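Visitor: Attaching a single structure in structure tokens format; questions to follow.
The values are calculated or read from the model by the stated rules, or taken from the named source; none is laboratory data. Nothing here was measured: the structure is a model prediction, and the numbers come from that model. For neighbour counting, all protein chains shown are included, and Cβ atoms are generated from backbone atoms with ideal geometry for every residue, glycine included. Calculation scope for accessible area: heavy atoms of the full protein, side chains included, ligands and nucleic acids excluded. Shrake-Rupley method; radii C 1.70, N 1.55, O 1.52, S 1.80 Å.
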Amino acid sequence: MSKNIKNLICLILSLGLILSLTACSNAGSNSKNQSSAAPSGGTSSQAADADDKTAPEQTDESANETPADNSDGNDSESSRILVVYFSRTGEQYTVGVIDHGNTAIVAEMIADETDADFFEVVPEDDHYPMTYTELTDVAKKEQNDNARPAYAGEVPDLSQYDTVFIGAPVWWGDWPMIMYTFFEENADALAGKSLVPFSTHEGSGLSGFDKKLSSSIPGSTVLRGLAIRGNDCQNKQDSVRESVKNWIAGLEF
Ligand SMILES: Cc1cc2nc3c(=O)[nH]c(=O)nc-3n(C[C@H](O)[C@H](O)[C@H](O)COP(=O)(O)O)c2cc1C
């Protein structure tokens, strides 16, 4: 009898032991699930990544906002600089027929580098021939006549600019006469500003653009100009851009 009781007690203890071991093992698997929640904390770290992803998006948004904000800033910055230029397409010296004028190419680079606004001087009545020798004849006659060809379009409000880059091809060793029309019509509005001349040419360099600009617009400060070969504008744009960058970097405006 007492042996039976002992056996029964042993059985009960064994069952108790088995139950407690099972409970432990369940507890272990729970903590495992929890720790696998940590990867889902990893998920939350993915969420953090997602947040991180969101962050760039937010950054993107803020990047979007930044330009907008900056764009206000940029606008007001860029609105302080204007590039005025005259340029011709058609047949040009040494480059054949071009559909993007040499001076226009330099003007665009300047605007790129300085975040500037543009004004292209376009003849009101475009009487300029598209063939080179005919164009040189018309230009020579305008120069001999001291003509003031009219330009089209409305000049932007110049009072919002501090610095005005002004460029043109050298025509017969001088500014094209249409540029004198622009200078004279806007002399008062340009007085007091920093003016920066640039030319494209095929050998004449700046051709006195700076001095002529200075005497056409009394009261302005004319900064160091830049002269670029027309042919390079079509065929060596990397080196032209380099020259433009270096030149701008050396200007104080
Ligand atoms: C009417 C005319 C006159 C020119 N006179 C000169 C000149 O005196 N000296 C010079 O180096 N290049 C002269 N050229 C060459 C231009 O200055 C050069 O091709 C310029 O890059 C053209 O620029 P664009 O394409 O912006 O009009 C003349 C070109 C033309 C059409």
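Visitor: For Lys193, Lys212, give the ranking by accessible area with the largest first, probe 1.4 Å. Numbers along the way, then the final one.
Guide: Details: Lys193 20, Lys212 60 Å².
Ranked list, largest accessible area first: Lys212, Lys193.
Visitor: Assign unit charges at the C-beta atoms only (+1 for Lys and Arg, -1 for Asp and Glu), then state the dipole size of the stretch 115-253 relative to its Cα centre in Debye, rounded to the nearest 20. List each step's numbers first, then the result.
Guide: Numbers: 11 positive and 23 negative charges, 130 e Å.
So the magnitude is around 620 debye.
Visitor: I've got another one for you. Keeping all protein chains in place, calculate the accessible area per residue for the stretch 80-250 (probe 1.4 angstrom), answer in Å².
Guide: So the stretch 80-250 comes to 45 Å² accessible per residue, rounded to a whole number.
Visitor: Cα centroid distance between the stretch 194-253 and the stretch 108-133, in Å?
Guide: Centre-to-centre (Cα) distance: 15 Å.
Visitor: 5 Å is the cut-off here: which amide hydrogens, built 1.01 Å from N in the peptide plane, fall below it relative to Ile228, excluding neighbours closer than 5 in sequence?
Guide: The answer is Ser199, Thr200, His201.
Visitor: Hey, any idea what % of the stretch 155-253's accessible area is carbon plus sulfur with a 1.4 Å probe?
Guide: C and S atoms contribute 43 percent here.
Visitor: Search the structure for amide H atoms under 5 Å from the amide H of Leu251, placed 1.01 Å from N in the peptide plane, and list their residues when 5 or more places away or on another chain.
Guide: Those qualifying (amide H under 5 Å, at least 5 residues apart or on another chain) number zero.
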